[in-house]
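Report on the structure given below.
The values are calculated or read from the model by the stated rules, or taken from the named source; none is laboratory data. No experiment lies behind these values; they were computed from the predicted model shown. Positions of Cβ are backbone-derived with ideal geometry, glycine not excepted, and every protein chain shown enters the neighbour counts.
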Amino acid sequence: MPTTVNAYAATAPDQPLVRTTIERRDVGPRDIRIDIKFAGICHSDIHTARGEWGQVPYPLVVGHEIAGIVAEVGSEVTRFAVGDRVGVGCMVNSCGECEQCRQGQEQYCLHGNTQTYAGKDRDGSITQGGYSQQVVVTEDFVLRIPDGIDLDVAAPLLCAGVTTYSPLRHWNAGPGTRVAVIGMGGLGHMAVKHAHALGAEVTVLSQSLKKQEDGLRLGADHYYATSDPDTFEQLRGSFDLIVNTVSAELDLTAYLSLLAVDGTLVNVGAPPQPLPVRVFSLIGARRSFAGSAIGSIAETQEMLDFCAEHGYGAEIEVISADQVNEAWERVLASDVRYRFVIDVATLD
């Protein structure tokens, strides 16, 4: 029989989340049931629940930064056992057959991967996310959280962590490379930590200098305010890679001018409105404007192991479940340093 668990759900784009119950499916042969201990709050949760990225199948439980403990395994599960520390990120399945899936890039599944929430599951039901007590996920989409990372600081790594790690790895950030990070929020602070741990020279480009002390503490070598017009003149042509983590409209022409020849500006933030690109900004120095979405399951595991090896996780503020609506408003006001994490035990 399906299991009924407590959760917080969105019921309409303009309504607060409400406490409710949802059903989790029976554990199949290759499934894992996870007792969720912590769930990170991602800006994507808010965009989705408020209908900013398209139609929403209400009621909807969001949350794709999930850390917990294995409670039950199916008869054919081979890699996990009851009691293991595990995580679930932004996807819970994919077709497994297309070219991208066969290459281990299931985040780019040509048929569309199954998102952790608001996706269509294998039984036709709508997937429900981590603002809940349990989740059932097929073994192939479960990550092992190393013992060196506490579960609460690990939760945001399942989205914010891999979303910023993946482009840094893909564009070869490391010793001798100059990396700039636009924004010092939930994504940005992880990009700074990763780029520093990878050995790059790291610069933060933030609207103001109010988080400068944090940025330098987390690994940035330099910190500039983009509200100062001299910043763009001073840094023109300076960077091999710029990672844009903000989900807001920016003057891309100004930021592209900061790239060196053959440099790349990669967007991981996803603003709801289009971002115009002046093509001459690219042609003038053989620059590239790119996008990057999360990471594969293998790359996410690599990132978790890398964080454990280098001794860091996310910077978090733990909240109780009944504080979730207040936390969302604070996310929108940029009043968090740097990721809210729900203590799911408070859903009991």
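The single residue among 260, 314, 308 that is surrounded by 15 or more Cβ atoms within 10 Å (Cβ to Cβ), of a type in the set (Gly, Ala, Ser) and assigned by TED's automatic domain parsing to the domain that holds residue 170 turns out to be 260. Where helices (runs of 4 or more DSSP H) fall wholly inside region 266-339, the ranges with 2 or more residues that are farther than 26 Å from residue 52 by Cβ and of a type in the set (A, V, I, L, M, F, W, C) are 279-283, 297-310. None of 78, 127, 116 is hydroxyl-bearing (Ser, Thr, Tyr) and touching a residue at least 60 places away in the same chain (Cβ under 8 Å) except 78. Residues satisfying the criterion are present in region 57-68 (criterion: within 16 Å of residue 9 (Cα to Cα), free of Cβ contacts under 8 Å to residues at least 60 places away in the same chain and out of contact with any Phe, Trp or Tyr (no Cβ under 6 Å at 6 or more places or on another chain)).
In region 1-49, the qualifying residues are those that are closer than 23 Å to residue 187 by Cβ and among the aliphatic types (A, V, I, L, M), and the one that is surrounded by the fewest Cβ atoms within 10 Å (Cβ to Cβ) is 46.
For residue 95, the test of being assigned to a helix (DSSP H, G or I) and either of a type in the set (Asp, Glu) or more than 24 Å from residue 321 (Cα to Cα) (or both) is failed.
Taking the criterion of being within 23 Å of residue 288 (Cα to Cα) and not small (Gly, Ala, Ser), the residues of region 230-242 that qualify are 231, 232, 233, 234, 235, 236, 239, 240, 241, 242. In the set (1) surrounded by fewer than 19 Cβ atoms within 10 Å (Cβ to Cβ); (2) closer than 20 Å to residue 167 by Cα, residue 236 fails one condition alone, (2).
Only residues that are surrounded by fewer than 19 Cβ atoms within 10 Å (Cβ to Cβ) and among the basic types (Lys, Arg) were counted across region 331-348, and they come to 1.
Residues that are over 20 Å from the mean Cα position of the chain (by Cα) and assigned to a loop (DSSP other than H, G, I, E, B) within region 116-147 comprise 121, 122, 123, 124, 125, 133, 147, listed in sequence order. So is residue 265 farther than 29 Å from residue 151 by Cβ, buried (at least 20 other Cβ atoms within 10 Å of the Cβ), in contact (Cβ under 8 Å) with a residue 24 or more places away in the chain and within 24 Å of the chain's Cα centre (by Cα) or not? Yes, satisfied.
From the list 22, 46, 36, 32, the one residue that fits, being assigned to a strand (DSSP E or B), at negative phi and within 20 Å of the chain's Cα centre (by Cα), is 36. Might you let me know whether region 281-298 holds any residue that is over 27 Å from residue 332 (Cα atoms), surrounded by 18 or more Cβ atoms within 10 Å (Cβ to Cβ) and under 17 Å from the mean Cα position of the chain (by Cα)? Within region 281-298 (the criterion being over 27 Å from residue 332 (Cα atoms), surrounded by 18 or more Cβ atoms within 10 Å (Cβ to Cβ) and under 17 Å from the mean Cα position of the chain (by Cα)), the answer is yes, since at least one residue qualifies.
Of the residues making up region 249-301, those that are of a type in the set (D, E, K, R), out of contact with any helix residue (DSSP H, G or I) (no Cβ under 9 Å at 6 or more places or on another chain) and more than 25 Å from residue 44 (Cβ to Cβ) number 2.
Given the criteria part of a strand (DSSP E or B), in contact with a Pro (Cβ under 7 Å, 6 or more places away or on another chain) and either polar (S, T, N, Q) or crowded, with 20+ Cβ neighbours inside 10 Å (or both), does residue 243 qualify? Against the criterion (part of a strand (DSSP E or B), in contact with a Pro (Cβ under 7 Å, 6 or more places away or on another chain) and either polar (S, T, N, Q) or crowded, with 20+ Cβ neighbours inside 10 Å (or both)), residue 243 qualifies.
The set of residues from region 256-265 being outside any loop (DSSP other than H, G, I, E, B), closer than 17 Å to residue 182 by Cβ and not hydrophobic (A, V, I, L, M, F, W, C) comprises 263, 264. Of the residues making up region 171-199, those that are buried (at least 24 other Cβ atoms within 10 Å of the Cβ) and closer than 19 Å to residue 236 by Cα are 179, 180, 181, 182, 183.
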